[in-house]
Amino acid sequence: MKRLLAASFLGLAAVSAQAQEVVTDLPKTKLTVVGGLSNLTAYQNGEHPFWSKTIPELSDGKITVDIKGYNEMGLKGPEVLRLVSQGVIPIGSATLAYFATDNPINEAIDLAGLAPDIQTAREITDAFLPAYEKHYDGINTKLLGISTYPAQVLFCKGSFAGLSDLKGKKVRTSSRTQAEFVQAFGGSSVTIPFGEVVPALQNGVVDCAITGSLSGYSAKWYEVSDHLYALPINWNQQLIVANKAFWNKLDPKVQQFLETNVKTLVDDIWAAAATETQQGYDCNTGAEACTLEPKGNMKLVEPSAEDQKLLKDVMDKTVIPGWAKRCSADCVDSFNQYIGPVLGLKANK
């Protein structure tokens, strides 16, 4: 399975790489990068080959990179941004949702229910970049880009026809915004490590669980659940940041080279996330389009018109107001300036 996904991802990357020219006049530079979770495809097929192979090749061997996933460094993830800010890590990748408790602005682009498709998620993310560039500059970091994981969706055991069926169900969630989303529909949020979800579903500890559609397939959730709800609840966007002092010491040519090429990496990961989201739907349900084995036999539940109305009501009355209460006035103003026009929504402090 990993070989097939890698081939798909590298096909996208090859097209992007062809558009990039080799730069021969760069000073010799050695970089250390802490990437995302090393057992996920965004790292294996995206970050790792980009930093370890593409950057050295496109720099004519002038820039070399030592990259490891944060878990390979003995880190859990939430501390990465702090360590970049302190200069312990020069360049790192970090999941935005990890920092929701530090500052609610980190939830702004990925509130549960905000982006029902990947095109909207990308549009929101790009629109909000000026606010994030300013925010992260204030904590001694340089924002280089924001990529994403595939859609985070519901796997349920037993009857599930739509959002109203969340009422009374115990649901495994992995972020505050996911928990608030589930609770808004009358469900209860349960925190369980990813590796413990299969027995939890099997033994009735939870009725449903949220993860990426393809991640759930890889972990064989299709063996312990039977309904897959095709509504992206959120996306788990990833920051790529550099320590500001470290960045400012780099040669301007190196800075420009890295910024240009990180944008290509970000585009490739977004494109791969779209592919993997659909592949997850296909393979969990045994669709003919699935190129992987074995195939699951889950039922794909498409959001109904009623669900779309319920979702809008919950976003307007619960999710966005709840977030606005805990975010600063400047944060809410930024949401209304950059995200509001994209979605036709307004947050009120």
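Relative to 2.2 N^0.38 Å, what does the C-alpha radius of gyration of the chain come to as a ratio? Two decimals please.
0.99
Multiplying the residue separation of D137 and A305 by 0.36 nm and subtracting their alpha-carbon distance yields 56.3 nm.
Annotation: for a label point projected 7 angstrom from Cα along Cα→Cβ of K253, residues of the stretch 57-99 with backbone N closer than 16 Å are 57-64. Computed with the Debye formula from one identical point scatterer per Cα of the stretch 10-129, without solvent, the log10 of I(q)/I(0) at q = 0.12, 0.15, 0.18, 0.23 Å⁻¹ comes to -0.57, -0.87, -1.14, -1.29.
What length, rounded to one decimal in nm, is gained on full extension from K68 through to D126, with 0.36 nm per residue of separation minus their alpha-carbon distance? Write out the running numbers ahead of the final one.
Details: separation 58, 0.36 × 58 = 20.88 nm, distance 2.68 nm.
So the extension gain works out to 18.2 nm.
For the chain, the mean residue ellipticity at 222 nm estimated from helices alone is -11000 deg cm²/dmol, where every DSSP H run of n ≥ 4 contributes -39500 (n - 2.57) and the total is divided by all residues, rounded to the nearest 500.
I need the calculated FRET efficiency for the pair E21 and N203, taking r as the beta carbon distance and R₀ as 56 Å, to the nearest 0.05.
Working: r = 56 Å, r/R0 = 1.00.
My answer for the efficiency is 0.50.
Inter-label distance, D313 to N39: 4.1 nm, where each label sits 7 Å from its Cα along the C-beta direction.
With a simple spin-label model that places each label point 7 Å from the Cα along the Cα-to-Cβ direction, the separation between D117 and K76 comes to 3.8 nm. Residues C290, C156 in ascending order of nearby Cβ atoms (within 10 Å, fewest first): C290, C156. Oblate is the label for the stretch 168-217, because a/c, from the alpha-carbon gyration tensor with a ≥ b ≥ c as root eigenvalues, is 1.5 or above and a/b does not exceed b/c.
Read-outs: derived from the displayed coordinates by stated rules, not from any lab. Please read these numbers as outputs of a predicted model, since none were measured by experiment. In this analysis, Cβ positions are derived from the backbone assuming ideal geometry, glycine residues included, and neighbour counts consider all displayed protein chains.
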